[in-house]
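What follows is calculated from the coordinates using simple rules that are stated; it is not laboratory data. Treat the numbers as computed from the prediction; the structure is a model and nothing was measured. Glycine gets a Cβ as well: all are built from the backbone with ideal geometry, and neighbour counts include every protein chain shown.
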């Protein structure tokens, strides 16, 4: 793990893998909860965790080198089930890339347990990992100008659900009626880093 | 209906409600948002007797005009501009009483970009995640003002400041941004790192609340490939594929996949919010304290 300084009050902690970053994130949350770490933002991402709003980043950079970071225990976090209709316009293309029939895409996707690696792009948008490498697909070469809210999509190693209508370049394989983001709700985000997710197929109505 | 309200008569190019924003939610993809020029907003709040985090209006280049339904104290600061009440000139950077029903005109900026209008009691739209700020990237908070928008106001909490005119820094003729290198300066050639501080850049007209875009020499990458998405901070100097540095401002995305060559000192960001397109930009590397 390396600690890269980011301006005057932040550190970017870089792990060698997404798994290491995930474990570090869990440990940082634990230390903040117990009061031994004071920081404004803890922002996990693909292979890094950003600490923003630190009084003394240099001291923390030194201290972090001696952190004992236990691996994240499986099943430590809550499981969210998202009902999904596998009816996306890119289902055929994804099936072709996976070299399976279309209904097999649904079976594989719904049979996978995902974890929210991190959030970004829009409030409530989670980057979900869990698909095996052979199921990773590239983004569309031309992004759509409007992807509907609730679209279940794939890009690279990630699955995501668009919380609201927005432009987007991911491959759309399905639709969910789950509300990913509602700022009047507590918590506003249905998914947060570390949440486990399963997609549960429902019949087309 | 309460008469503590402002009616927007002329919304201007872009006028938004802003306060100190919503820090603490970046891990959910929620930008920090908030005023782009915090010292200017804090000053006008102080002039009308508000706490520093009260919500104000942030205008862009050509001001706005509002009509209060009840008599109230206001102050305009940030980018210098003519201010009139009922057509008569009044003070800029000073507390001013606007009688009920009179038109308060915040004119076009004569220098700088963003003027701030504080009203005693603050703008009292419903907060979202603890903030009334309009976030143009994610759409949280109130929509940008349109003609006819009615803004509720809070109750005044303190007396206006007893000053005639408060001094405020003028907008910069040259925007000097002190930067600390990294975290991804190793993604660029040593020449690019030198170019950032020695070649001239100018503020691009494509700048907005998300980022200050620049025009100038493209910075050359030392390595190709994609950087996995990572957390971003306000003031990050991100370099997209066209090589022209972008300085992240309040509504910046919380994660990004383009490398950050350096980070601007927080103290220099208010000036970045006031630099008009075409202003020369100089990035000055400084050592960490």
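Annotations for the structure displayed:
- Estimated distance in nm for a label pair at residue A:203 and residue B:108, the labels positioned 7 Å out from Cα along Cα-to-Cβ: 6.5
- Rounded to the nearest 10 degrees, the inclination of helix B:38-47 to the longest alpha-carbon principal axis of chain B is 10 degrees.
- Size descriptors for the protein assembly as shown, from the alpha-carbon set: Rg then Dmax equal 24.2, 76 Å.
- The C-alpha atoms of chain A occupy a region whose extents along the principal axes are 55, 38, 34 Å, arranged from largest to smallest.
- Surface/4 of the Cα convex hull for the stretch B:30-122, nm²: 5.7
- Over the stretch B:113-253, relative contact order from alpha-carbon pairs under 8 Å, at least 6 apart, %: 19
- For the stretch A:10-27, the residues whose backbone nitrogen is under 13 Å from a point 7 Å from the Cα of residue A:69, taken along Cα to Cβ, are A:12-27.
- In Å, descending, principal axis extents of the Cα set of the stretch A:53-118: 54, 24, 21
- Look at the stretch B:263-269: the mean tally of other chain Cβ atoms within 10 Å of its residues' Cβ atoms is 2.
- Legend: translational diffusion of the stretch B:216-289 by Stokes-Einstein, Rh = Kirkwood radius over C-alpha pairs, 10 °C, 1.306 mPa s; D = 118 µm²/s.
- Dimensions (Å) - the stretch B:56-110, Cα atoms, principal axes, largest first: 27, 21, 17
- The Rg/Rh ratio of the stretch A:139-190, with both radii computed over alpha carbons and Rh defined as the Kirkwood radius, is 1.01.
- Every pair of different Cα atoms in chain B enters the Kirkwood calculation, which places the hydrodynamic radius at 19.6 Å.
- For the stretch A:1-94, taking the reciprocal of the average inverse distance between every pair of different Cα atoms yields a Kirkwood hydrodynamic radius of 15.1 Å.
- Average other protein chain Cβ within 10 Å of Cβ, residues B:186-197: 0
- Here the Kirkwood formula puts the hydrodynamic radius of the stretch A:101-205 at 14.0 Å, using every distinct Cα pair.
- The stretch B:110-165: Cα Rg divided by the 2.2 N^0.38 Å rule of thumb: 1.38
- Modelled label positions at residue B:146 and residue A:184, each set 7 Å beyond Cα in the direction of Cβ, lie 2.0 nm from each other.
- For the stretch B:131-173 versus the stretch B:220-289, the gap between their alpha-carbon centres in whole angstrom: 26
- Label point of residue A:38 set 7 angstrom out along Cα-Cβ; within the stretch B:3-24, amide nitrogens under 20 Å from it belong to B:23-24.
- Percent RCO, i.e. relative contact order, over the stretch B:1-62, from Cα pairs under 8 Å lying at least 6 residues apart: 40
- Computed over the stretch B:22-61, Cα set: Rg, Dmax in Å: 12.2, 35
- Base-10 log of normalised Debye intensity for the stretch B:106-237 (one unit scatterer per alpha-carbon) at q = 0.19, 0.21 Å⁻¹: -1.31, -1.44
- Remark: mean inter-chain Cβ contacts per residue of A:121-134 equal 3, using a 10 Å Cβ-Cβ cutoff to other protein chain atoms.
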